Amino acid sequence: MPETTPRGLTGLAFGGDYNPEQWPESVWQEDVRLMREAGVTMVSVGIFSWALLEPSPGVYDFAWLDRVLDLLHEGGIRVDLGTPTVAPPAWFYRAHPEALPVTEDGVRYEFGSRAAICHSNADYRAAAADITTRLAERYGDHPALAMWHVHNEYGVPVSACYCDSCAAHFRRWLAATYRTVDAVNDAWGTAFWGQRYAGFDQINPPRRTPTVGNPGQALDYRRFADATMRENFRAERDILHRLSPGVPVTTNFMTALSQCDSVDYWAWGREVDIVTNDHYLITDGRRTHVNLAMAADLTRSVAGGAPWLLLEHSTSGVNWQPRNPAKAPGQMARNSLAHVARGSDGAMFFQWRQSRRGAEKFHSAMLPHGGTETRVWREVVELGAAIDCLATVRSTRTEADVAVLWDWQSWWAQNLQWRPSEDHDPRERADAFYEALYDRHLTVDFAHPEADLSRYPLVVVPALYLMTKAAGVNLERYVDGGGTLVVSYFSGIVDEHDAVHEGAYPGPLRDVLGLTVEEFSPLLQGQSVRLAGPDGRELAADVWSEFVVPGGAETVWTYADGLPAGRPAVTRHRHGRGTAWYVSTRLGADGLDALLERAAEDAGLAPRTDLPRDVEVVRRTGESGSYLFAVNHTASDAKVPLETHGTELLTGERAAGRLAVPAGAVRVVRLDGR
Ligand code: GAL
C-alpha cells in the first residue's frame, strides 16, 4: 500500500516548485543553501522538464536531474518528483500534430505554451507512459523521493478536446455507459428537435451548433472529458505504484477555482494517495481570505477529512489577473497558516526562485528577483521558522461544525444554456452561503449530496439543480433523523440526465420541504423584491422569485411585493425529528444571516458572539493533541476566548483565558490535556 503522507517528512511541508533547469548549474548550490536557510523541507521538481529529459525521441538525459536530486538529498530536502506529462516536447508534436487539442469550433491549438493535450490521443498516452516508466525506473527508490506529482492541474487550461479521436472515444464511453443507443436517446431526450440517433456512429462531441445543442449530450461530454483525464492519471499512477512501491502519488487539484470547474474532484479524491491543492487569491473585490477558507475546506472534504497538502500558493502577487496586487506584510504567513488550520500538512509555493524569462517572470516567488535583501525573502524565512514550530500538528484533523452540499456535476448541468435566468449563478450562491456561515464562525465541511450527513447538526444546500433521487432520499433521511436542512431555490429540479423530475418542483425534495413550487419568476436586472419577516424586519432579495405552494411547511418570510406578493418566500417544515428550511429567492448577506440565525437555532448551534468578524478560529485534533488556530484578518488586535490552558506554539508562551491575537497575526495554541 502506498503511504498517505510524504515519505521521510517528519513535520509540515514547506517549500515550492523548484525549476533548476531555468538556471545555470552554478546557481543550484546557492539554491540549496538558501532553502536550508529558509527552512524548506520539500520541493516539487521536474513538472515541466520533458523536453530536457528526452531531448529527442527515445534519447534520454537524466544526468542533470540526478545531480539536482543528489544535491537536494545532501541538503536534507525532500522531493516531490513530477512526471512532466503536462508539457510534451516540440518534437513530439511535430511527429503527432493530432495530439494537440481541438476546440468546439474546430480550431486546433498550437505548440508553444503548456498543457495542449488531447487526452484521447493514443500517441500521447504511449509517450506519457514511456517517460513515466523511465522516471520511475530511475528514481523510484531515490532516497530524496517523498512523493510523485503526476502531470499538473488536470483540466486547465483545456477542459475538453473535440477532435475525431475524442469523438471515437466518446462513442466507446457512451456504449460502455449506456449499452444501447436507445438508452442514450432516452437519457438525452433526443425526441426533442428530431435529434434521434440510429447508431453510436452517428454521435459526435457537442461541437458548435447553430443554436443550443442537446443538454444531455453536453453534460455527458463533461463527464466523458473528466473520465478521460482520470484514465490518463490512473495509467501514470499505476506505473509509479508498480515501479516505486509505497511512495505516495498525487496530482495537484484546484478545488475551488471557478475557472477550473471541469474536474469532478469527488471522484479524483478517491484516486490519489494524498490530496494536494493549488490556491491563489482572486482579487475580484471580495474578501480573499473567505475564498481561501472555502478552498481549504473543500480540499479537506475531497480528501475525506484527512490531512491534505497545499502544493502551490503565492508569496505575493501573481501575474495572470488583470491587476495583481502584492500581498500586504504578514499576509503570506496568514494565508499559509489559514490553510494549515483547515487541514493542510504544510504550505508550498509556486515557485522557489522567480524566473527571469518566460511567461511567469512577474509572478512572485520565495526568492524574488531582488534576492535575499527583500521583504518577501525575510517573510519566507520567518514563515519557515513558524512552520517548523507546528511540526506536531501534522496528521491531525480539522473539526467541522456544519456541512454544505457540493457537486461538480450539478454545477456543470446548471451552467448549460437556456435556463430561467442567466443571473442565477450556482457558484455565487455557494460562495454566498459559505460566507454567511464563515461570518457566523462555523467551520464547514463540504459533502456530496449522497454522502452520510448524520453527524452534522446543520446542512446547507446552496443551489443543487441536479439532484438524483438517491440524494433526495438521503436528505429526507437526514431530516427525519433530526437534522436541520436549508435549501436554496432551483435545487432538486433535474435528474442525472438533466431531465426534470416527474411531478411538481422540486421533485425529490417536495416531501421533506413540505411544499411545491408552481412556477419560477426570475427578476429583471436591477429589480428586487422585499420580504416581510416574523419580527417585522424586511429583507431584500433579487435575481429570482417563485410561486411556492405550502403543503405542510409554515411560511416564515412572505413576498411583500413582486409577482408572488403575499405568497411564501421562506418556509420552515418540521419533518420527522428535524426541520427543513426553503428559501425561494436570492437573499443578500443580511437575509442569509437572518435565515441562518433561525436555522442555527433549530440545529442547536449557539452563536459565537464572543468572536469579532474576520477573526477565524479553527480546531485540529488528533493523536498528538488538540490545536486551536486563531487567524486575525483584521487591522485591530483581537482576543479569542480559550476554554482551557495551553501553549502558544509560535511564541512559546503559555496561554489561558483570553488569547491575544495581534492585528494580522496567527496564533496556534496546543491545548493542555487534549
Ligand atoms: C498554477 C500552475 C503553476 C503556475 C502557477 C502560477 O496554476 O500549476 O505552474 O503557473 O499557477 O500562479
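The values are calculated or read from the model by the stated rules, or taken from the named source; none is laboratory data. Quick caveat, the model's predicted, so the values are computed rather than measured. Please note: Cβ atoms are built from the backbone with ideal geometry, for glycine as well, and neighbour counts cover all protein chains shown. For accessibility, only protein heavy atoms count, side chains too; no ligands or nucleic acids. Shrake-Rupley method; radii C 1.70, N 1.55, O 1.52, S 1.80 Å.
Brief remarks follow.
- Here PHE111 fulfils each of the conditions (1) among the hydrophobic types (A, V, I, L, M, F, W, C); (2) part of a loop (DSSP other than H, G, I, E, B); (3) within 28 Å of the chain's Cα centre (by Cα) apart from (3).
- Taken together, the residues in the stretch 109-157 that are in contact with a helix residue (DSSP H, G or I) (Cβ under 9 Å, 6 or more places away or on another chain), of a type in the set (Gly, Ala, Ser) and touching a residue at least 24 places away in the same chain (Cβ under 8 Å) amount to 10.
- The set of residues in the stretch 585-604 being buried (at least 21 other Cβ atoms within 10 Å of the Cβ) and either closer than 13 Å to LEU442 by Cβ or hydroxyl-bearing (Ser, Thr, Tyr) (or both) consists of THR585, LEU592, LEU596, ALA599, ALA600, ALA603.
- Within the stretch 361-398, if we keep just the residues that are among the hydroxyl-bearing types (Ser, Thr, Tyr) and touching a residue at least 60 places away in the same chain (Cβ under 8 Å), the residue that is farthest from the ligand (Cβ to nearest atom) turns out to be THR392.
- Residue that is more than 22 Å from PRO420 (Cβ to Cβ), within 27 Å of the chain's Cα centre (by Cα), surrounded by 14 or more Cβ atoms within 10 Å (Cβ to Cβ) and of a type in the set (Val, Ile, Thr), where the choices are THR484, THR468: THR484
- Of the residues making up the stretch 95-102, at least one is at pLDDT 95 or above, away from the ligand (no atom under 16 Å from the Cβ), in contact with a strand residue (DSSP E or B) (Cβ under 6 Å, 6 or more places away or on another chain) and outside any helix (DSSP H, G or I).
- Search result, residues across the stretch 618-659 that are in contact (Cβ under 8 Å) with a residue 12 or more places away in the chain, touching a His at 6+ places or on another chain (Cβ under 8 Å) and surrounded by fewer than 21 Cβ atoms within 10 Å (Cβ to Cβ): ALA656
- Looking at ARG567, ARG586, just one residue is assigned by TED's automatic domain parsing to the domain that holds LEU515, touching a His at 6+ places or on another chain (Cβ under 8 Å) and among the charged types (D, E, K, R), and that residue is ARG586.
- Positions within the stretch 366-391 being open to solvent by less than 50 Å² (accessible area, probe 1.4 Å) and not in a loop (DSSP other than H, G, I, E, B), in sequence order: LEU367, VAL376, TRP377, GLU379, VAL380, VAL381, LEU383, GLY384, ALA386, ILE387, ALA391
- All positions within the stretch 391-419 that are of a type in the set (Ser, Thr, Tyr) and either more than 18 Å from the chain's Cα centre (by Cα) or under 16 Å from ALA296 (Cα atoms) (or both): THR392, SER395, THR396, THR398
- Residue check, VAL460 open to solvent by less than 50 Å² (accessible area, probe 1.4 Å), within 22 Å of GLU546 (Cα to Cα) and in a strand (DSSP E or B): yes
- Within the stretch 573-601, considering residues that are of a type in the set (Gly, Ala, Ser) and in a loop (DSSP other than H, G, I, E, B), the one nearest to THR558 (Cα to Cα): SER584
- Some residue of the stretch 24-44 being under 29 Å from ALA126 (Cα atoms), touching a residue at least 60 places away in the same chain (Cβ under 8 Å), open to solvent by less than 10 Å² (accessible area, probe 1.4 Å) and not acidic (Asp, Glu): yes
- Residues that are open to solvent by less than 40 Å² (accessible area, probe 1.4 Å) and under 18 Å from ASP495 (Cα atoms), drawn from the stretch 187-205: ALA187, TRP188, GLY189, THR190
- Residues of the stretch 45-57 that are open to solvent by less than 50 Å² (accessible area, probe 1.4 Å) and either of a type in the set (Asp, Glu) or more than 16 Å from the ligand (Cβ to nearest atom) (or both): LEU53, GLU54, SER56.
- The combined condition, being farther than 30 Å from VAL668 by Cα, more than 16 Å from the ligand (Cβ to nearest atom) and either assigned to a strand (DSSP E or B) or modelled with pLDDT of 95 or more (or both), is not fulfilled by GLY358.
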